[in-house]
Amino acid sequence: MAGMTVATTPGPMLLGRRAVVTGGAAGIGAAIARCFAAHGAQVLVVDVTPAPEFEFDPGAGGSIEAVESDVCAPTVHPAVLEHRPDVLVNNVGHFLRAPQPFASDTAQQWSALHEVNLGHVLRLTHALLPGMAERGGGSIVNLTTVEAHRSIPGHTVYSAYKAALMQFTRSLSAEVGPAGIRVNAVAPDLIETPQVPYADLVPEQDVALWPTWSPLGGPGTPDDVAGAALFLASDLSRFVTGGTVHVDGGTHCAGGWVPRASGSWTNRPRNP
């Protein structure tokens, strides 16, 4: 029908696309892989651990394959290059350890944090960009965190690398836009995952406080993040680049404000 756009045309949003999702064996990465495949994409999951059997609606013709590989290795696995992706989701990232003061950090810890949060993204993106450009464009989605935009005491170096990833996203988007490649980020917070299992971490007596964690309460689910990634990977965001979608229930915009039982708000809670 003349005049119809992807926003008004029924059907899978990633039909015919090929995608690489790092860290896709569990949590947010697995949710993104299932979502993309359900929308018709041929997905390659790259993870250091074996991927499970993925459950998704195969009606759109999508598929999920997996390769067991550490993205922090010095070279990119050949299967990733051979997949010839239109979409790259750089999902791997972690703060690696319990909080500790920056003064107690070591150079070895800085190096490990760099590789898992920034270094591998540079390496993988660098390897796949030329092919994307030759094929007429693509979409890169980088998973950052709300801590790229606010402080996280005890994880100073982690937040610095995540902030660097955000700026990498912005600068690269300007550089490769003329080649038809879009680069955006998703910044989650309060998402229940195997990496951050809020249901196990939060004492039972504090579960009632979840509605105060963000304007939308919490916690969220990996599928909430997958929806944002789907938007950024698809033509729904064809004129969007260099941006960050905050999937955090509003913690970033709230800026530390929490609701009182009376309905008013405070940024100085008496019982944090």
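Pick from ARG123, ARG150, ARG84: which is among the basic types (Lys, Arg), in contact (Cβ under 8 Å) with a residue 12 or more places away in the chain, under 23 Å from ASP224 (Cα atoms) and surrounded by fewer than 21 Cβ atoms within 10 Å (Cβ to Cβ)? Steps first, answer last, please.
Numbers: ARG123 fails: under 23 Å from ASP224 (Cα atoms); ARG84 fails: under 23 Å from ASP224 (Cα atoms).
None of the others qualify; the one that does is ARG150.
State yes or no: is GLN195 out of contact with any strand residue (DSSP E or B) (no Cβ under 9 Å at 6 or more places or on another chain), at pLDDT below 95, surrounded by fewer than 22 Cβ atoms within 10 Å (Cβ to Cβ) and not in a helix (DSSP H, G or I)?
Numbers: out of contact with any strand residue (DSSP E or B) (no Cβ under 9 Å at 6 or more places or on another chain): yes; at pLDDT below 95: yes; surrounded by fewer than 22 Cβ atoms within 10 Å (Cβ to Cβ): yes; not in a helix (DSSP H, G or I): yes.
Taking the combined requirement at face value, the residue satisfies it.
Among the residues in segment 181-191, are any out of contact with any Leu (no Cβ under 7 Å at 6 or more places or on another chain), among the β-branched types (Val, Ile, Thr) and modelled with pLDDT under 95?
yes
How many residues does segment 141-182 contain that are farther than 30 Å from ALA107 by Cβ and either in a strand (DSSP E or B) or in contact with a helix residue (DSSP H, G or I) (Cβ under 9 Å, 6 or more places away or on another chain) (or both)?
6
Go over the candidates GLY93, GLY40, GLY59 one by one and state the one that is assigned to a loop (DSSP other than H, G, I, E, B) and either over 25 Å from GLU192 (Cβ atoms) or touching a His at 6+ places or on another chain (Cβ under 6 Å) (or both). Lay out the reasoning, then the answer.
On the way: GLY93 fails: either over 25 Å from GLU192 (Cβ atoms) or touching a His at 6+ places or on another chain (Cβ under 6 Å) (or both); GLY59 fails: assigned to a loop (DSSP other than H, G, I, E, B).
The match here is GLY40.
Quick one: is VAL186 farther than 19 Å from PHE95 by Cβ, touching a residue at least 24 places away in the same chain (Cβ under 8 Å) and not in a helix (DSSP H, G or I)? First the steps, then the outcome.
Numbers: farther than 19 Å from PHE95 by Cβ: no; touching a residue at least 24 places away in the same chain (Cβ under 8 Å): yes; not in a helix (DSSP H, G or I): yes.
So VAL186 fails the test.
Identify all residues within segment 64-81 that are surrounded by 15 or more Cβ atoms within 10 Å (Cβ to Cβ) and either in contact with a Cys (Cβ under 6 Å, 6 or more places away or on another chain) or among the polar types (S, T, N, Q) (or both); write none if there are none.
If the condition is that a residue be surrounded by 15 or more Cβ atoms within 10 Å (Cβ to Cβ) and either in contact with a Cys (Cβ under 6 Å, 6 or more places away or on another chain) or among the polar types (S, T, N, Q) (or both), then SER69 is the only one that fits.
Sort out which residues of segment 11-34 are under 13 Å from the mean Cα position of the chain (by Cα) and not in a strand (DSSP E or B), and write them in order of number. If you could, list the steps in order and put the result at the bottom.
So in segment 11-34, the residues under 13 Å from the mean Cα position of the chain (by Cα) come out as 20-24, 26-33.
Answer for segment 11-34, where residues must be under 13 Å from the mean Cα position of the chain (by Cα) and not in a strand (DSSP E or B): GLY23, GLY24, ALA26, GLY27, ILE28, GLY29, ALA30, ALA31, ILE32, ALA33.
How many residues does segment 62-81 contain that are within 18 Å of ILE28 (Cβ to Cβ) and in a strand (DSSP E or B)?
Qualifying residue count for the region: 2.
Return yes or no: is ALA51 in a strand (DSSP E or B) and either touching a residue at least 24 places away in the same chain (Cβ under 8 Å) or closer than 23 Å to LEU129 by Cβ (or both)? Lay out the reasoning, then the answer.
Details: in a strand (DSSP E or B): no; either touching a residue at least 24 places away in the same chain (Cβ under 8 Å) or closer than 23 Å to LEU129 by Cβ (or both): yes.
Spelling it out, it is not the case that ALA51 is in a strand (DSSP E or B) and either touching a residue at least 24 places away in the same chain (Cβ under 8 Å) or closer than 23 Å to LEU129 by Cβ (or both).
Just give me the residues in segment 228-241 being touching a helix residue (DSSP H, G or I) at 6+ places or on another chain (Cβ under 6 Å) and either part of a helix (DSSP H, G or I) or surrounded by fewer than 17 Cβ atoms within 10 Å (Cβ to Cβ) (or both), in sequence order.
Answer for segment 228-241, where residues must be touching a helix residue (DSSP H, G or I) at 6+ places or on another chain (Cβ under 6 Å) and either part of a helix (DSSP H, G or I) or surrounded by fewer than 17 Cβ atoms within 10 Å (Cβ to Cβ) (or both): ALA229, LEU230, PHE231, SER237.
Report the residue count in segment 126-146 for those that are of a type in the set (Asp, Glu) and surrounded by 15 or more Cβ atoms within 10 Å (Cβ to Cβ). Even if it seems obvious, please write down each step before you answer.
The initial filter retains those residues of segment 126-146 that are of a type in the set (Asp, Glu), namely 134.
If we keep only those that are surrounded by 15 or more Cβ atoms within 10 Å (Cβ to Cβ) too, we end up with none.
Qualifying residue count, segment 126-146: 0.
What number of residues in segment 13-41 are over 20 Å from HIS120 (Cβ atoms) and free of Cβ contacts under 8 Å to residues at least 40 places away in the same chain?
Matching residues across segment 13-41 total 4.
VAL202 - would you say it is modelled with pLDDT of 80 or more, under 20 Å from LYS162 (Cβ atoms) and of a type in the set (Val, Ile, Thr)? Before the answer, list the steps.
Values: modelled with pLDDT of 80 or more: yes; under 20 Å from LYS162 (Cβ atoms): no; of a type in the set (Val, Ile, Thr): yes.
Criteria not met by VAL202.
The values are calculated or read from the model by the stated rules, or taken from the named source; none is laboratory data. Remember, predicted model here, so these are calculated numbers, not experimental data. We place every Cβ from the backbone using ideal geometry, glycine too, and count neighbours over all the protein chains shown.
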